[in-house]
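Asker: Input: one structure, supplied below.
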Amino acid sequence: MITLMQKFIRSIFGDFFGKRKNLKIGLYGSPNGGKTTLANKICIDWLGEEMGSVSSVAHETREIQIKEQVTIKSKGKELSFNLVDTPGIATKIDYEDFIKVGMKENEAKNRAKEATKGVIDAIKWLDDMDVVVIVLDATKDPYTQVNITIVGNLQARDIPVLLVANKIDLKKADIKMIQSAFPQYDVVGISAKYGNNIEEFYESLFKISK
């Protein structure tokens with residue numbers, strides 16, 4: 001864990017001894033919460049291109065994806081960072097679940113293997129993150145083992161966190177449910193798919209990235 005003194009020394013002498021590392025903002029959460037959809041929205045808004053493919057089948061993103069030098073603007077301010085989209089974190093990955101959605105056995109087993117490696121990589125990458133955005137499906141109970149594990153890891157590392165309650169365009173969405181589960185963090189409700197409330201998300205990203 002980085003101490004306050006270490007952070008102070010880095011802030012004062014980082015540029016003096018050489019280029020400071022690029023700010024890394026990581027998107028974390030369970031599969032199908034909307035991480036890649038949000039990553040695509042950010043990249044389309046500020047780079048004019050998507051970051052990755054999305055699917056209704058879990059674990060579409062199975063490798064760490066990075067988009068470098070993303071610069072967002074809000075109210076006359078600029079924030080530049082490397083955006084890191086991580087595979088969905090799950091406590092159990094069963095290849096039979098992929099067979100149920102129409103995959104052949106070999107394809108399902110390969111996807112499960114890649115997804116498992118992706119989860120391990122995502123946890124390892126936490127040490128490299130400066131800010132983490134946890135993307136949650138606002139229609140589902142947020143108090144799950146996966147979310148508790150992610151939050152616990154972030155608290156242990158003292159990493160700034162922003163909670164995104166995604167899919168607020170759906171009738172079952174309940175932002176208050178997420179706020180009650182994790183009251184220690186700021187929560188912003190958005191629809192990454194349709195861009196609802198995306199400006200508030202960008203403003204919140206500025207605040208948490210100070």
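Asker: Kindly establish whether GLU68 is acidic (Asp, Glu), at pLDDT 90 or above, surrounded by fewer than 17 Cβ atoms within 10 Å (Cβ to Cβ) and not in a helix (DSSP H, G or I).
Answerer: So GLU68 passes the test.
Asker: Something else about it: Return yes when LYS210 is at pLDDT below 95, of a type outside the set (Val, Ile, Thr) and outside any helix (DSSP H, G or I) and no when it is not.
Answerer: So LYS210 passes the test.
Asker: Of all residues being assigned to a loop (DSSP other than H, G, I, E, B), under 18 Å from PRO160 (Cβ atoms) and of a type outside the set (A, V, I, L, M) in region 1-24, which is modelled with the highest pLDDT? Just the residue, please.
Answerer: ASN22
Asker: Among the residues that make up region 32-48, is at least one of them surrounded by 14 or more Cβ atoms within 10 Å (Cβ to Cβ), of a type in the set (S, T, N, Q), part of a strand (DSSP E or B) and modelled with pLDDT under 95?
Answerer: no
Matching residues to (1) under 30 Å from LYS75 (Cβ atoms); (2) of a type outside the set (Gly, Ala, Ser); (3) part of a helix (DSSP H, G or I):
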| site | (1), (2), (3) |
| --- | --- |
| LYS109 | no, yes, yes |
| VAL119 | no, yes, yes |
| TRP125 | no, yes, yes |
| ILE134 | yes, yes, no |
| ILE148 | no, yes, yes |
| ASP169 | yes, yes, no |
| ALA173 | yes, no, no |
| PRO183 | yes, yes, no |
| VAL188 | yes, yes, no |
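Asker: Would you check if LEU27 is within 21 Å of VAL151 (Cα to Cα), touching a helix residue (DSSP H, G or I) at 6+ places or on another chain (Cβ under 6 Å), at pLDDT 85 or above and of a type in the set (A, V, I, L, M, F, W, C)?
Answerer: yes
Asker: Any residue in region 131-151 that is in contact (Cβ under 8 Å) with a residue 60 or more places away in the chain, among the acidic types (Asp, Glu) and at negative phi?
Answerer: Checking region 131-151: at least one residue is in contact (Cβ under 8 Å) with a residue 60 or more places away in the chain, among the acidic types (Asp, Glu) and at negative phi.
Asker: Additional query: Would you check which residues across region 130-148 are surrounded by fewer than 21 Cβ atoms within 10 Å (Cβ to Cβ) and under 15 Å from GLY26 (Cβ atoms) and list them?
Answerer: Across region 130-148, the qualifying residues are ASP130, VAL131.
The values are calculated or read from the model by the stated rules, or taken from the named source; none is laboratory data. Owing to the predicted nature of the structure, the values given are computational and were not obtained by experimental measurement. Neighbour counts run over all protein chains shown; Cβ positions are idealised from the backbone, glycine included.
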